[in-house]
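A short worksheet on the structure shown next.
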Amino acid sequence: MKPTSPRGSHLGFAPNPALGSLAAFREALSARAVAVPQPDLGACGGFSGSRRIAALADAFDVRTMPHVVGSLVNPHASLQMGALLTARRGIRR
């Protein structure tokens, strides 16, 4: 069963980038309230926090994409984070 948006649409729902903790992402994934977790490297603990969130999302069998916004450094760091994600992520099965 695919996650649905809070309004019942079958379109994927990406959470507000204000979700910054592993616990917040775990709660959203457990409630099936998010289809594509988008951790922001500046809010979730950098590469380490983002990798933990990606591993959690992998356990729920959902793809992860880094959230890109902010300073000049964040887009480059997010691009690097995207390259570190496993090939399965970002591709629907």
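The values are calculated or read from the model by the stated rules, or taken from the named source; none is laboratory data. If you're wondering where the values come from, they're calculated on a predicted model, not measured in any experiment. When we count neighbours, we look across all protein chains shown, and the Cβ atoms used for this are built from the backbone with ideal geometry, even at glycine.
Listed by first and then second residue, the pairs with beta-carbon distance under 8 Å, at least 6 apart or on different chains, first residue in the stretch 22-33 and of a type in the set (Lys, Arg), second in a helix (DSSP H, G or I), are 26/56. Does residue 51 satisfy the criteria of being in contact with a helix residue (DSSP H, G or I) (Cβ under 8 Å, 6 or more places away or on another chain), without any contact (Cβ under 8 Å) to a residue 40 or more places away in the chain and either over 14 Å from residue 84 (Cβ atoms) or not acidic (Asp, Glu) (or both)? Criteria met by residue 51. In this entry, residue 75 passes the filter for residues that are more than 25 Å from residue 31 (Cα to Cα) and either at pLDDT 85 or above or within 13 Å of the chain's Cα centre (by Cα) (or both). Of all residues in the stretch 46-66, those satisfying the criterion of being modelled with pLDDT of 90 or more and not charged (D, E, K, R) are 47, 48, 49, 50, 53, 54, 55, 56, 57, 59, 60. Summed over the stretch 15-45, the residues that are exposed (fewer than 15 other Cβ atoms within 10 Å of the Cβ) and modelled with pLDDT under 85 give a count of 3. Just to be sure before I move on: is residue 6 in a loop (DSSP other than H, G, I, E, B), over 16 Å from residue 86 (Cβ atoms), modelled with pLDDT under 75 and touching a strand residue (DSSP E or B) at 6+ places or on another chain (Cβ under 9 Å) in the structure I sent? No: the conditions fail for residue 6.
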